[in-house]
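Visitor: What follows is a structure written as structure tokens; I'll ask about it next.
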Amino acid sequence: MRFAKKDILDIRSLTKDEIAMILDTAQGMKEISERPVKKVPTLRGKTIILFFQEPSTRTKLSFELAAKRLSADTVSIAKSSSSIVKGETLIDTAKNLESMKPDVIVMRHSSSGGAFQVAQRVGCSVINAGDGTHAHPSQALLDMMTIREAKGTLENLNISIVGDISHSRVARSDIIGLSRMGANVKICAPQTMVPMGIEQLGCSIAPNMDACVENADVIMMLRIQKERQGNLLFPSEREYAALYGLNRNRLALAKEDCIVMHPGPMNRGVEIATDIADGDCSLILDQVTNGVALRMALFYLVAGGSRHADAD
Ligand code: CP
């Protein structure tokens, strides 16, 4: 199968077969990071620009490591050290980046739609590393990879997503992707954090946390995004932890082999208890490990793989 996409902007625009192809490719890439010499020549001569206008630890570093493990050259530009602070627009910045002939621009932007705007105006590939509250496709894909690795399939799994849904691009991308791959997705949050019409993305809304996690195969906890909330959308962190935090009692309602995930960064003691975050059910650091392989797969598919030549 040929991977025909120029850009990876959201999950909605990927078919079930394309998602499966990305996950299979990522699984194949994973062992490269286990080798004594963690480098293959696949993208030698390619240039990748990392353009992050919001803070990031996991996404930025794993995209950079992914590029380097495929032998691509990488350069970074951050908002604070770019001419955006002098008033240059996003599109002017992007056109200037394009003029330096990169093969891929990876971008994180605080505005929903930022990556779409750039992708429409540049000839190179654009990968969305998170735009506002809209989409975080590589996170959803690495989440799917991690679940599929642990459970063997995504089909018919009961997946509970709990937390600040309203501000979460991860939740939106996960709901769309997981439901497209055949999982049953249930969400739970305080009323103030449930966006209108979220069910249309492919999930049901549980009335409370216990009902949400009961019989779950996977529980994904989300960070309270205080930086996007202005006034807090709940009375206190103590109350939030009591009503929506994952602890041992709540985990006991899920299936015995339930796995726990979190995209990071975590608010320990708020949405997730420390003994759960660090416990046997937690795959939180496996998500990070898989993030490198998944992003290697994205680079390979848009810049060096079957978009350019049929891969059997
Ligand atoms: N999961 C995630 O996007 O983390 P960072 O913000 O650290 O990249």
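The values are calculated or read from the model by the stated rules, or taken from the named source; none is laboratory data. Keep in mind that this is a model prediction, so the values were computed, not measured. Glycine gets a Cβ as well: all are built from the backbone with ideal geometry, and neighbour counts include every protein chain shown. We work out accessible area using only protein heavy atoms, side chains counted, and drop any ligands, DNA or RNA first. Shrake-Rupley method; radii C 1.70, N 1.55, O 1.52, S 1.80 Å.
Visitor: I need the phi-derived Karplus couplings for segment 208-224: 6.51 cos²θ - 1.76 cosθ + 1.60, θ = phi - 60°, integer Hz, Gly and Pro marked x.
Guide: 7, 5, 4, 5, 5, 8, 4, 6, 6, 8, 9, 10, 10, 9, 10, 6, 6
Visitor: Right, here's the next one. Lone cysteines in the chain, defined as no other cysteine's Cβ under 4.7 Å from theirs: which are they?
Guide: Those would be CYS124, CYS203, CYS258, CYS281, since no other cysteine Cβ in the chain comes under 4.7 Å of theirs.
Visitor: Taking Cα pairs under 8 Å and at least six residues apart, what relative contact order does the chain come out at, in percent?
Guide: 23 percent
Visitor: Any idea of GLU88's accessible area? Nearest 10 Å², probe 1.4 Å.
Guide: 70 Å²
Visitor: A further question on this structure: Residues of the chain: accessible area per residue at 1.4 Å, in Å²?
Guide: Per residue, the chain has an accessible area of 43 Å².
Visitor: Also, I was wondering about something else. Could you tell me what percent of the accessible area of segment 137-285 is made up of carbon and sulfur, with a 1.4 Å probe and every protein chain present?
Guide: Here carbon and sulfur together make up 48 percent of the probe-accessible area.
Visitor: Now a separate question. In whole Hz, what ³J(HN,Hα) sequence does segment 163-170 give by Karplus (6.51, -1.76, 1.60; θ = phi - 60°), x for Gly and Pro?
Guide: Running phi through 6.51 cos²θ - 1.76 cosθ + 1.60 with θ = phi - 60° gives x, 7, 4, 4, 9, 9, 5, 5 Hz.
Visitor: Also, I was wondering about something else. Taking only Cα atoms and a 10 Å spring cutoff, compute GNM fluctuations for the chain and point out the largest among SER125, SER76, SER236.
Guide: Of SER125, SER76, SER236, the Gaussian network model singles out SER236 as fluctuating most.
Visitor: Can you tell me the order of 38-49, 156-167, 21-32 when each peptide is scored by its average per-residue count of other Cβ atoms within 10 angstrom, highest first?
Guide: Descending mean neighbour count gives 156-167, 21-32, 38-49.
Visitor: Okay, next question. May I ask for the distance between the Cα centers of segment 79-132 and segment 1-41, given as a whole number of Å?
Guide: 22 Å
Visitor: Using modelled backbone amide H atoms (1.01 Å from N, in-plane), which distant-in-sequence or interchain residues come within less than 5 Å of ILE259's amide H?
Guide: Excluding prolines and chain starts, which carry no amide H, the hits are VAL218, ILE219.
Visitor: Determine the percent antiparallel among the DSSP beta bridges restricted to the chain, to the nearest 5.
Guide: If I count the DSSP bridges inside the chain, around 5 percent turn out antiparallel.
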